[in-house]
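Engineer: After the structure tokens below, expect a handful of questions from me.
The values are calculated or read from the model by the stated rules, or taken from the named source; none is laboratory data. Just so it is clear, the model here is predicted, and its values are computed rather than measured. All Cβ positions, glycine included, derive from the backbone under ideal geometry; neighbour counts span all protein chains shown.
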Amino acid sequence: MNTIHTKWYLLAVALCVFLAVSSMVMAQEKPVLRTIVFQGWARTPSLQKQVAEYEKLTGVKVEIEEVPFAQLHEKMILDFASQGGSYDFVAPLTDWFTELVRGKYIAPIDDFIKKDPPEEWPNAFPPALLKLQSKDGKLYGLPTHDGPIMLYYRKDLFDDSKEKEAFKKQYGYELVPPATWSQFLDMAKFFNRPDMNLNGTVTAAKQGGQQLAYDFFLMLWSYGGNIFDEKWHPIFNSQAGIDGLQFYVDLRNKWGVTPKASTTYDETENGPIYLDSRVALMWHWSHIAAWSEMEDRSKIIGKNGYTVFPVSDLKISHTTLDIYWFWAISSASKNQEEAYKLVKWLCNKKNDKEAAQMGTIACRLSTFKDPEILKQFPFYESIEKALAAETKTTPQIPEYAQVDDLIGIACSKVIAGEKTAKEALDEAAQQVEEIMKKAGYYKE
Amino acid sequence: MAFSRHRRFGTPQGMVFPSVFFILIVSVYPLVYSLYMTLHDWSLTNAQPPMFVGIGNFIALFQDSRFWYSLRTTVLFTVWVVMVEMILGMVLALSISRNTRFQQICRSILLIPMMITPVVLSLMWKYMYNPEYGIINYLLHFLRIEGLIWLGEPAPALPAVILVDIWQWTPFVFLLLFSGIASLPPDVFEAAQVDGASGFQTFRYITLPLTIPFLLVALLIRFMDSFRIFDTIYVLTKGGPANATETLSIYTYKVGFNYFNMGYAATLSYIILVIITFASQQFVKLEGKA
Amino acid sequence: MKRSKRKTREIWIDIVVLIVVILVLFPIIWTVLTSLKGRFDISSLPPKVIFPPTLENYHKVFVEDGFYRYFKDSIIIATVSTVFAIFLGTMAAYSLVRYRVGGKFLPFWILSTRMLPPIAIILPIYILMQRIHLIDTYASIIIMHILFNLPFAVWLMSGFFREVPVEIDEAAMLDGCSVFGAFFRILLPVVVPGMLATTVFCLITSWNEFLFALILSGRHVKTLPVAAAFYVTDRDILWGPMAAVAVIASIPIIIFTFLIQKHLVRGLSYGAIK
């Protein structure tokens, strides 16, 4: 009897000890950091490799959820808005920054930086890559994958002496990379040889795609216009907007220098066409410059040239569009400090460079100047200059998604020939004004 | 009596209740919630609680030309899809009703399209529709027909989307109608043949009236599903070009998950629900009469 | 004379049918061919019909990208939700048909839940699932798929029960079966073809559903349609692997349907879904 009691007693003690020890172990266990990225992101391969290293290094566990690109934005906002707390850190696009800040979904990182600054802080990143995730003097994240728009051209074609000669004979001036739209058009027409499987240029004009509204902004700026005035009234239906859009539409409808199918292309589809050596010149995000030098993606290794985005008139200064991805820390996270440490680590010199070698556009000044990088991807040389020059971005307002959509529809209608540029832009401007009014921008 | 003790757990009448409870719990809460949202202005991205606006969303809806246009597109899509699928399904069911080996195999093959995931399948159609390296224009080229920019011009975009839906769901209509015809008593047809009725007469006066219940069922299901069409269009065109393929579901989705304007999205989805329910009730009434 | 005329007509019909079948099959064949193409053959101009076939896309899908996981998730979700929908639906249909519970209203109300536009309920469902911590679990997706399939199952099964003469129940009960005994032992075996037909539709719906599977899935649980979107990247659409996914995702359903095809047609025609 007694012995049985003792047995049970011992067992109970053992159990208690076991529970106590295991709960202590649990308590000491490193936190789990969760994030969400989209499937096929250029940063994902390097991210996975680096996260695995980090886990080994620190014992922190990192969980990466992958969703389709189109759903990244909505899943992120849904989770934040329903206080799901599923993500400790996220990688949003700068387009979404104001939404996230207004919703108080992401936290400023200034205090963390003060305590534990990233390598070479504050001169680690070009100022242009810290600007778009800052608000009211607070910084909300570190940049990770960048993409100013550049103009690309086929160096082999532009340097060919026969082509040079023929071009000069036909147009009366030298064949050099275009600085203005009229030169761009001349050259696109000159190289447009559909029977030889070569297009002058290729645009990505699909409604509902990422690029159409961006392209309109680029045209608008290059004609000297602006999207909003200082009081947030839409002014993109100015003459600059109309002319810019008309030029853009004419590339397809009047001159036929971009394929008729370009209305079905998103930026994901026109890039590969250039890399497949079927286009003479085009504008696109910076990754095209990197990818054109990568064997598994490109048939034009060593043949890609790049220059600044053209303007309508040389009196207007060259502008480009910049939008980038950045790491931000969720306000709802219980492990903000750990999340910051990981983000800092992902953005350190070694990892930034490694990411560049694996197909992203790096963000650190040190990577821009790294001899190894410059050897493989010579365009990094000019990226700092491009960023230091005038880069503009999409309107930093939470209503941007809607504005983007409306402008895309307007452009699509003009391309389809249903409306003139003026009609479509006037209509879109009126709708945008309505949205801004409802959102309370015009209260004095 | 092996099962008599089950009596304690309920009566046969009660066997419907697990389902009713399940549906109540899972669907009524969201519906009430949505209804609440239709009366509010609520954006997910401004960190403010929903603001009561009464029927403001409904008023905005009636003034929203984009809503009317998408309604028009939805109706066009639904009418075409349902009509063509009914006719094709009927014709196929009539022509493949014999029990030869060949026809049996054809029947099996015809069922395949409805089993393929719409999202993946639409992507494959997008690949085939590609004006440059797509196979469709390539084949048309052989027939000396100039290919179209299928998904890139407003005029062919809606028909192109309709075609995908017809391709995928005609098999379903075919299956229902074929089963219906197979269930008809064979002596009716024999009698008709003895009376010397022509093929068309047999169809018009015997097959058609007898299969009307099946037709109505197919019609109802296809109507409900095509009116809320989302996956296919979202993948193929996202509503473009020039908004030519923006159906109500696509518009609702954009308002809800791109603009995060939840109140207005709820209002739009309620309108879809009301239209489908109302129209379905008419079908069910018709069915009762038939 | 008349007979031979009829024969020729049948041959003509068969020829037309053959053409239709080829047209219907064409996108499928093209998908299969695409899945066997190498990276540069995919976007070649003009499209290549003859090319060196390669299994690299399948290798990528299964080995590199680990699609067997999504396969497993899809199978679990489709099976469980179908079993539940059939089970609940059959019971409900029985009492709706035999005992006219709820009159005309209840059947229509159940059916009307199938009309719900997913968009209408997705946000509240998301918030609800978030609160009870079911995001990224099998349970949440299964629950939603049962919701989609249940009305349809009830509706189809009602048709089947209606076709079974009441005399069968009565005879069973005269033989001494209880009401439940009659249901399980006599009625159920009679409607098995109908249940199989219903199973096919439920499986197809659950296997292919996208929107809820997307919103409710996460790192741990992901169905095939959601994972297939993997190949629409931000910079490129990978048509080859996509086609490979289309092929492998379709095969289980196609095999299952073919296996029970006889029952399918018999079930549907016998049930005379009225």
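Engineer: Would you mind stating whether B:ILE162 is more than 10 Å from chain C (Cβ to nearest Cβ), within 21 Å of C:TRP30 (Cα to Cα), modelled with pLDDT of 85 or more and in contact with a Pro (Cβ under 8 Å, 6 or more places away or on another chain)?
Structural biologist: Against the criterion (more than 10 Å from chain C (Cβ to nearest Cβ), within 21 Å of C:TRP30 (Cα to Cα), modelled with pLDDT of 85 or more and in contact with a Pro (Cβ under 8 Å, 6 or more places away or on another chain)), B:ILE162 does not qualify.
Engineer: Quick check: is even one residue across the stretch B:110-123 in contact with a Ser or Thr (Cβ under 8 Å, 6 or more places away or on another chain), more than 9 Å from every other protein chain (Cβ to nearest Cβ), outside any loop (DSSP other than H, G, I, E, B) and not basic (Lys, Arg)?
Structural biologist: yes
Engineer: Output the residue which, of all residues in the stretch A:202-234 that are out of contact with any Ser or Thr (no Cβ under 9 Å at 6 or more places or on another chain) and in a loop (DSSP other than H, G, I, E, B), is surrounded by the fewest Cβ atoms within 10 Å (Cβ to Cβ).
Structural biologist: Step by step, filter the stretch A:202-234, then rank; the result is A:GLU230.
Engineer: Counting only residues that are within 14 Å of chain A (Cβ to nearest Cβ) and either surrounded by fewer than 23 Cβ atoms within 10 Å (Cβ to Cβ) or touching a residue at least 24 places away in the same chain (Cβ under 8 Å) (or both), give me the helices (runs of 4 or more DSSP H) lying completely in the stretch C:122-231 with at least 3 of them.
Structural biologist: C:211-216, C:224-228
Engineer: Are any of the residues in the stretch A:114-136 surrounded by 20 or more Cβ atoms within 10 Å (Cβ to Cβ), outside any strand (DSSP E or B) and within 14 Å of another protein chain (Cβ to nearest Cβ)?
Structural biologist: There is no residue in the stretch A:114-136 that is surrounded by 20 or more Cβ atoms within 10 Å (Cβ to Cβ), outside any strand (DSSP E or B) and within 14 Å of another protein chain (Cβ to nearest Cβ).
Engineer: Identify, please: which residue in the stretch A:418-442 is among the charged types (D, E, K, R) and part of a loop (DSSP other than H, G, I, E, B) and is, among those, surrounded by the fewest Cβ atoms within 10 Å (Cβ to Cβ)?
Structural biologist: Here the residue is A:GLU418.
Engineer: Can A:PHE184 be described as touching a Pro at 6+ places or on another chain (Cβ under 7 Å), surrounded by fewer than 21 Cβ atoms within 10 Å (Cβ to Cβ) and not in a loop (DSSP other than H, G, I, E, B)?
Structural biologist: In short, no.
Engineer: Determine which single condition B:ILE206 fails, assuming it passes every other condition in (1) among the β-branched types (Val, Ile, Thr); (2) without any contact (Cβ under 8 Å) to a residue 24 or more places away in the chain; (3) within 14 Å of chain A (Cβ to nearest Cβ).
Structural biologist: The failed condition is (3).
Engineer: While we're looking at this one, here's another question. State yes or no: is C:ILE86 more than 9 Å from chain B (Cβ to nearest Cβ), assigned to a helix (DSSP H, G or I) and closer than 15 Å to C:GLY159 by Cα?
Structural biologist: yes
Engineer: Shifting gears a bit: Does the stretch A:266-285 hold any residues that are touching a helix residue (DSSP H, G or I) at 6+ places or on another chain (Cβ under 8 Å), assigned to a loop (DSSP other than H, G, I, E, B) and within 12 Å of another protein chain (Cβ to nearest Cβ), and which are they?
Structural biologist: Passing the criteria: A:ASP266, A:TRP285.
Engineer: Would you mind stating whether B:VAL235 is within 14 Å of chain A (Cβ to nearest Cβ), in a helix (DSSP H, G or I) and under 25 Å from B:ILE112 (Cβ atoms)?
Structural biologist: yes
Engineer: Only residues that are assigned to a helix (DSSP H, G or I) and of a type in the set (Phe, Trp, Tyr): list them for the stretch B:124-167, please.
Structural biologist: Residues satisfying the conditions are B:TRP125, B:TYR127, B:TYR129, B:TYR138, B:PHE142, B:TRP167.
Engineer: Related question: Could you tell me which of the residues B:VAL91, B:VAL81 is assigned to a helix (DSSP H, G or I), at pLDDT 90 or above and more than 13 Å from every other protein chain (Cβ to nearest Cβ)?
Structural biologist: Step by step, each of B:VAL91, B:VAL81 is checked, and only B:VAL81 is assigned to a helix (DSSP H, G or I), at pLDDT 90 or above and more than 13 Å from every other protein chain (Cβ to nearest Cβ).
Engineer: If you go through the stretch A:48-83, how many residues are touching a helix residue (DSSP H, G or I) at 6+ places or on another chain (Cβ under 7 Å), free of Cβ contacts under 8 Å to residues at least 24 places away in the same chain and within 19 Å of A:LYS334 (Cα to Cα)?
Structural biologist: Adding up the residues that qualify gives 2.
Engineer: How many residues does the stretch C:107-117 contain that are assigned to a helix (DSSP H, G or I) and facing another protein chain (nearest Cβ under 7 Å)?
Structural biologist: Selection size over the stretch C:107-117: 6.
Engineer: Pick from the stretch C:232-247 the residues that are at the interface with another protein chain (Cβ under 8 Å from one of its Cβ atoms) and within 22 Å of the chain's Cα centre (by Cα): which of them is surrounded by the most Cβ atoms within 10 Å (Cβ to Cβ)?
Structural biologist: C:VAL245
Engineer: Looking only at the stretch C:43-51, decide whether some residue is surrounded by fewer than 17 Cβ atoms within 10 Å (Cβ to Cβ) and either part of a helix (DSSP H, G or I) or touching a Ser or Thr at 6+ places or on another chain (Cβ under 7 Å) (or both).
Structural biologist: No - not one qualifying residue is present in the stretch C:43-51.
Engineer: Then there is this: May I ask you to list the residues in the stretch C:96-106 that are more than 7 Å from chain B (Cβ to nearest Cβ) and of a type in the set (Phe, Trp, Tyr)?
Structural biologist: Once the filter is applied, which keeps residues that are more than 7 Å from chain B (Cβ to nearest Cβ) and of a type in the set (Phe, Trp, Tyr), the stretch C:96-106 yields only C:PHE105.
Engineer: Can I ask one more? Regarding the stretch B:239-247, can at least one residue be identified that is within 9 Å of another protein chain (Cβ to nearest Cβ), in a helix (DSSP H, G or I) and not acidic (Asp, Glu)?
Structural biologist: The answer is no, given that none of the residues of the stretch B:239-247 is within 9 Å of another protein chain (Cβ to nearest Cβ), in a helix (DSSP H, G or I) and not acidic (Asp, Glu).
Engineer: Further question on the same structure: Take the residues in the stretch C:97-121 that are small (Gly, Ala, Ser) and within 30 Å of A:GLU74 (Cα to Cα); name whichever of them is surrounded by the fewest Cβ atoms within 10 Å (Cβ to Cβ).
Structural biologist: Only one residue tops the list, namely C:SER112.
Engineer: Can you tell me which residue among B:PHE260, B:PHE214 is surrounded by 21 or more Cβ atoms within 10 Å (Cβ to Cβ), of a type in the set (Phe, Trp, Tyr) and farther than 29 Å from C:TRP109 by Cα?
Structural biologist: Only one candidate passes the filter, namely B:PHE260.
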